[in-house]
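Below you'll find the structure, written out as structure tokens, and then a few comments.
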Amino acid sequence: MSPGDWVVLNMRGHAEAPADVGFWGTQRRLTNLRTLDLWAPENPVLVNPGLRGNINSKALEIMNKFLPGYSASIQETMHGDVIGEDIPSIGWVGTRERDVISWELFLEKLPPNTMAEIFKLISQDYAATGVGTFSSHLYFPKMMTGYATLAGLGQMPIRFDVHYSIHRMPTDPQQTRQIYRRTGVLQGLGDDYLWIDGVASERWDSYYPESCTGPDTTAPAHIKARETCPQPGDLHWDTLENAMKAGWRLAGVHICGSESARAFMRMIDRARAVTGWTIQEVHDMHMTGEHCDVIGKQPDLMEDLKKYGIILSCGPDIIAREAPKWIEDYGPQMNDFFLPFNTWIHEGVQLVGQHWGTGARGEPGTLRYRPPFYVTWQAITRKFDGKIWQPGERIDRVHALKMYTRWSAEYVRKPDKLGSLEVGKFADLLVIDRDYFTIPIDDILKIRPLMTMVGGKTIVLQESLARDFAVEPVGPAYNFKDEDVEHIGLPLSEIARKFSAN
């Protein structure tokens, strides 16, 4: 490669231990800036092993020129100001500090219409798996420009409820803390296909091994030291508190551990002292927390979640990735913490389903190659990584479906328009090839979407149903086959070995 060319290394786990490389990246065991400088002294380097990444000196120099304050942002986001280390000198970067290189630097000259077309194609792929509305973060201006362009052209295939996360653009931390006080409150801005529902933050809490359980769990000191618990003065704490003081709803905040959930409600109370909001007014905003990995079911916490009206958005697939590691580090005490869906529902905690994207149109041989109703099936069976976890927390298929339909309509702030087929609501519907309510539970994995309609318009129509209607197919083909579900429920290492051999 020529001097100055970017080197981007995307790493996958070994078939025998597919999660290890991501863990090494999270714990800074993989590499560092000095090593990368030795390997590529004349090229900017970006290493992607998982949630965290690594860059070298050339990359850091470029990013500080492209985004003044980039190094200062890394220092705070990666807690260097707390642990007393110079994080930029190590070249260790968080998810968005890494991703901004791809989204903003690499795509700097990409025309807005091209970005809009990319998002249109991605949205059509989601529609092929039965999605009519989804909700996620928008972190970078390029993303917002692409979706705004697509919506302005009237070509949004499906609906997008946006968690506004523009503060994840790594620049001067002091400017970041104040950004939402300067924009005005934008939640509700948009139309029926693209709208903003509030301010989010992924850095409130993180996944294993960093989820904050605090005094709810015990473990050796070096294990507990991994937990990153939000505190006033943290960049993400101050940014969210200032946003709420300015009148913003908080939605899409990563709340993975029990103590981080309590901290979130403490932060809300700090903001309420300024805004004068009552608990009922906070409750009616229905703020949301994401992932919920090890929040658990402590009575005080469940009561506060209900009191503050917080909606938990949780995907059961996270148990397969994380539960064995939590048990290894913390012991059997963790069993009561893993997504107690049945308890939450019956105690009145508001719950919706989360899906980390479907791999049904992805590349066969990857761990993300899964059918659309995969997480629904997991919520019903509690089958993860070759075993059943907490069978008492299984839920029936009616509740599982509501998590992804009627209850989710409240999450995206449109319960009067979405979530069920009723007169006066949007004509959004999905036709599938078998009866979800009566088929054997394991056959739920084989459900095949045949038609997705959004706003009365057919976005996707598969060939088999198109023949019945005597019309042409519409949109991308759905290629998942019944035999592709045979690996579901096997241990991750066995799945990886199988796919590696193929």
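Each value in this text was obtained by applying a stated rule to the coordinates, not by laboratory testing. Computed from a predicted structure; not experimentally measured. Note that each Cβ is placed from the backbone with ideal geometry, even for glycine, and that neighbours are counted across all protein chains shown.
Could you work out the relative contact order of the chain, using alpha carbon pairs under 8 angstrom and six or more residues apart, expressed as a whole percent?
Relative contact order comes out at 11 percent.
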Completion exercise
Scoring segment 112-362 by relative contact order with C-alpha pairs under 8 Å, at least six apart, yields a percentage of 15
Exercise for the section: Report the charge-dipole magnitude of segment 112-362 in Debye, nearest 20, computed about the Cα centre from +1 at each Lys and Arg Cβ and -1 at each Asp and Glu Cβ. Expected result: 580
Exercise for the section: Pull out a ≥ b ≥ c, the square roots of the eigenvalues of the alpha-carbon gyration tensor of segment 32-112, then state rounded if a/c is under 1.5, prolate if not and a/b is larger than b/c, and oblate in the remaining case. Expected result: oblate
Handout entry: DSSP-loop chymotrypsin sites (Phe, Trp or Tyr not before Pro) across segment 85-123, with at most 14 other Cβ within 10 angstrom
Key = F106
Problem - Length-normalised contact order for segment 7-105 - Cα pairs under 8 Å, 6+ apart - percent - result: 26
Handout entry: Hz values of 3J(HN,Hα) by residue in segment 108-113 - Karplus curve (6.51, -1.76, 1.60), Gly and Pro given as x
Key = 3, 9, 6, x, x, 5
Completion exercise
Counting sequence-distant residues (5 or more places) and residues on other chains, those with an amide H built under 5 Å from that of V7 are V45, L46
Handout entry: Cα gyration tensor shape of segment 397-436, rounded if a/c is under 1.5, else prolate or oblate by comparing a/b with b/c
Key = oblate
Handout entry: Cα Rg, Dmax (largest Cα-Cα span) when computed across segment 112-362, Å
Key = 18.5, 56
Handout entry: Distant-in-sequence amide H partners of I432 (H built 1.01 Å from N, under 5 Å)
Key = L450
Fill in the blank from the handout: The answer for R159, listing residues at least 5 apart or on another chain whose modeled amide H is closer than 5 Å to its amide H, is T133, F134
Problem - Stretchable slack from K109 to D433, in nm (0.36 nm times residue separation minus alpha-carbon distance) - result: 112.3 nm
Practice task
Between R28 and T171, with labels modelled 7 Å along Cα→Cβ, what's the label distance in nm to one decimal, could you check?
Solution key: 2.8
Problem - Using alpha carbons only: equivalent-ellipsoid semi-axes of the chain, gyration tensor based, whole Å - result: 33, 27, 26
Practice task
With a cut-off of at most 15 other beta carbons within 10 Å, and DSSP calling the residue loop, which trypsin sites (Lys or Arg not before Pro) in segment 78-167 qualify? Please list them.
Solution key: K109
Practice task
Using only the Cα atoms of segment 156-265, build the gyration tensor, take square roots of its eigenvalues as a ≥ b ≥ c, and label the shape rounded, prolate or oblate: rounded if a/c is under 1.5, else prolate if a/b is larger than b/c, else oblate.
Solution key: prolate
Exercise for the section: Calculate the dipole size of the chain relative to its Cα centre from +1 charges on Lys and Arg beta carbons and -1 charges on Asp and Glu beta carbons; express the result in debye to the nearest 20. Expected result: 420
Exercise for the section: Per DSSP H run of n ≥ 4, the term is -39500 (n - 2.57); total these for the chain, divide by its residue number, and report the mean residue ellipticity at 222 nm rounded to 500 deg cm²/dmol. Expected result: -10500 deg cm²/dmol
Completion exercise
Residue-ordered couplings for segment 65-75, obtained by feeding phi - 60° into the Karplus form 6.51 cos²θ - 1.76 cosθ + 1.60 and rounding to whole Hz (Gly and Pro as x), are 6, 6, 10, x, x, 4, 5, 5, 5, 4, 4
Problem - About the Cα centre, charge dipole magnitude for segment 149-257 (Lys/Arg +1, Asp/Glu -1 at Cβ), debye - result: 220
Handout entry: For the chain, with +1 on Lys and Arg beta carbons and -1 on Asp and Glu, the positive-most of L9, G91, G130 along the dipole
Key = G130
Practice task
For each pair in K297/K402; K417/K446; K120/K306, compute the distance between the two Cα atoms and list the pairs where it is over 26 Å.
Solution key: K417/K446; K120/K306
Problem - Residue-wise HN-Hα coupling along segment 35-41, computed from phi with Karplus coefficients 6.51, -1.76, 1.60 (Hz; x: Gly, Pro) - result: 5, 5, 5, 5, 6, 9, x
Practice task
Set the Förster distance to 56 Å, then compute FRET efficiency between L38 and V423 from the Cβ-Cβ distance, nearest 0.05.
Solution key: 0.25
Practice task
Return the whole-Å distance between the Cα centroid of segment 267-311 and the Cα centroid of segment 26-84.
Solution key: 35
Fill in the blank from the handout: With DSSP loop assignment and no more than 15 other C-beta atoms within 10 Å, the GluC sites (Glu not before Pro) in segment 1-79 are E16, E42
Problem - Those Cys residues of the chain for which no other cysteine Cβ falls under 4.7 Å - result: C256
Problem - Label-zone membership for segment 261-279, site Q333, 7 angstrom Cα→C-beta point, backbone N under 20 Å - result: 261-263
